[in-house]
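Presented below is the structure to which this report refers.
What follows draws every value from the coordinates through simple rules; no lab data is involved. Please read all numbers here as calculations on a predicted model, not as lab measurements. FYI the Cβ positions are ideal-geometry reconstructions off the backbone, even for glycines, and counts take in every protein chain you see.
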Amino acid sequence: MGMTTERAWEQEIVRRANAFKGRRHLFVDFYRIRHRLVWPLPIRVLDHPAVPVRGFSAAYPWAIWMSWALEERISALGLAAEWNADTDAAAAARIDLEALCDWPGYLHTRCDARRAYLAFAHSVRTMCVAAKWAWPDDALRRALHVGLGRAVDEMLPWSNRLHGTFSDRKTLIEAPEPHKHLHNITLIATLATACAARLADHPAAARLDRRAKILVGALLTLRWRGVTETVSYDGYVMDFVADWLAGLPEEERNVFFDHPRFGDTLVQSYGLAVPGDLVHVAELGDVEPREMPFHISAQAKLQALKPDPLRAWYLQGCDPRHLRVDALAALKQAASDTATTRQPVPPNQTILDVNYALVLRSGWERADVAVAVGASKSPMGHVHCDNGSLVIGTRGRWVIDDAGYQQYLDTAERQFTTGPQAHNAPVINGFAQISKRLTERRLEQPADDVRVAHLDLTPSYPAGAGIGRLARTVWLLGREHVVVCDHLTASVLQSLRYTWHGHRDCGWLVENGVASLHAPDEAEPLIFVSSPQLAFEASQITRLRGSRGQMSLTVDIEPEKMPAFRDVGLIAWLFSFREARAKITFDGSCLSIDHYRLDASMFG
């Protein structure tokens, strides 16, 4: 992977600013609901357009996506003016900022006031950042401070209602279902309000800082209990945590930096990155690698506050084209501080627990292989019931993929992203998983080139499935093979279905009972899929209704016709990366793959 430089980060911001200068409209990609719309500039209020959307009626996401786009525009223009004395960029940014400062409200917009907290947070952060630039004149600076004060006044009653009853971290942690008070929407809004109160010298600034310390401290404590909202949303929260930490004295910041779970989001970011593309994290759960790179912004800002050689390695490997403007600015700031620059150091662990997944890797280069396996008990909604479901990545793609985020629209795509065939843990007697419960989850590395993840998936299924026990063991053997073995017992077993999604840009081929996945830009197959118990047919390659492009290998198994399964209750799958197909044999108690021998006793 190539390493980017300070110059590349600055050039990317200037490139975006130059593109924004000539635009008279704000282009917004409402990707979650498959719409793209534009608004005349400047934006004088966050609007709820009268555009009908089939299967969708909620108002609040319109404001969120608009606020993301507006923040990017103003940030790029303002930084071009700050760094390069670009008067055209300054003039365009000033018009946008003056309109923003004059909004009739930042919380109670024409959109849903009860759910507009994220749009509020981005609008407020945009003003906070602008208030720190050197180029705005006194009139604009006064307007920014007035706008921030009004925003704090608006949010304060809501913040008091949401979190005002918690006098300290202990009372929050001991509250019934404490995670409900730490959802990303309300936490992000409170952190943005605390930042605004400081800059505006608001009387509530100290109170909001104390509240933020309680909330962030409680969130870190709940990480021990498995609370997470996936890399996208954990990183989204940490992005605003980093903004808030920047205004604390160093000794108070270090209380959080020194917490043993503070580094979780960094491990998620690099641990879940596909080999050859650090930005493209695994789409297990509600994860959007391109659309929501806030977790990278968080790491860039934290690096500017407290340099770390591992974080430096990760950030230098991220493609600037896919980062938000605030991440690029923080990277430039961190790089320019030569007194704290440290040599980047890559990770030294290739088996990783990232809270809601277990990860096996041979490394991070393009030719390496990574496997991420769902393994969560988090009560948060952005984590799906996908324990044991896995994605396999190499050559810059998650070649065996997952349906990913939950579609907002009430259409077939929502069923595809959350239905029984959304993931690749087996559907047993017609039942998929309905909960996030695990009685066992562990990682092992019995040899230098052998990495293992093991999970007991039994409690994740409903009682109606009739499962006695279901254990899934996943092996990564060097860079050559991934082996998945399911050990299943059931009182009655009438049907068993597996669905393996391929990457959305790739196509399948079935020859001689073996399936292979091919990319349009690769001369050789990306992966071969086989089983010692099954021979695949072309008729098993399907495109499920609502697919986002993925073609899937769907295999229905009749257990009574599999003597080896009847004897030991074991089903084995082999994913091979070698050009020549691996020879695999299964005698009912042992799998043999090349020089590897995997005994059934090792499958738990």
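Odds and ends about this structure:
- Extreme residue, positive dipole direction of the range 256-316, given options Ala273, Gln303, Phe262 (C-beta unit charges): Gln303
- For the range 102-192: Kirkwood Rh in Å [reciprocal of mean 1/r, alpha carbons]: 14.5 Å
- Local electrostatic count at Leu26 - Lys and Arg +1, Asp and Glu -1, tallied over other residues with Cβ under 12 Å: 0
- Estimated dipole of the range 218-296 in Debye, rounded to 20 [Cβ of Lys and Arg +1, of Asp and Glu -1, Cα centre]: 240 debye
- Extension gain, Ser491 back to Arg479 (0.36 nm per residue minus Cα-Cα distance, nm): 0.5 nm
- Other residues within the sphere of radius under 11 Å centred on the Cβ of Asp368, judged by their own Cβ, net out at +3 (K and R +1, D and E -1).
- Total formal charge among the other residues, if their Cβ is under 15 angstrom from that of Leu544, Lys/Arg +1 and Asp/Glu -1: +2
- Judged by the mean number of other Cβ atoms found within 10 Å, the most tightly packed of the peptides 347-354, 87-94 leads the ranking 87-94, 347-354.
- Relative contact order (%) - criterion: Cα under 8 Å, at least six apart; region: the range 6-340: 16 percent
- P(r) weight above 26 Å for the range 351-603, C-alpha pairs, percent: 35 percent
- DSSP H segments from the chain that extend 15 Å or more along their own axis, Cα-based, with Kyte-Doolittle mean of 0.0 or above: 60-84, 87-101, 117-131, 184-199, 205-223, 230-245, 294-305, 325-336
- Square roots of 5 times each gyration tensor eigenvalue, C-alpha, the chain, largest first, Å: 45, 25, 24
- Prolate/oblate/rounded label for the range 6-340 (Cα gyration tensor, a/c 1.5): rounded
- Length released on extending from Asp47 to Lys132, taking residue separation times 0.36 nm less the Cα-Cα span: 27.9 nm
- Over the range 439-503, Cα pairs under 8 Å with separation of 6+ residues give a relative contact order of 25 percent.
- Gyration tensor verdict on the range 411-506 (Cα atoms; rounded if a/c is under 1.5, prolate if a/b is larger than b/c, oblate otherwise): oblate
- With neighbour counts taken as other beta-carbon atoms within 10 Å, the residues Asp594, Asp486 rank, fewest first, as Asp594, Asp486.
- Global geometry of the range 388-430, whether rounded, prolate or oblate, following the gyration tensor of its Cα atoms and the 1.5 cut on a/c: oblate
- The P(r) of the range 243-308 has a tail past 16 Å containing 51 percent of all C-alpha pairs.
- Relative contact order (percent, whole number), the range 273-398, Cα cutoff 8 Å, 6+ residue spacing: 31 percent
- Efficiency of FRET between Arg545 and Asp594 - r from beta-carbon atoms, R0 51 angstrom, step 0.05: 0.85
- Our helix-only sum for the chain, with -39,500 (n - 2.57) per DSSP H run of n ≥ 4 divided by its residues, gives a mean residue ellipticity at 222 nm of -11500 deg cm²/dmol.
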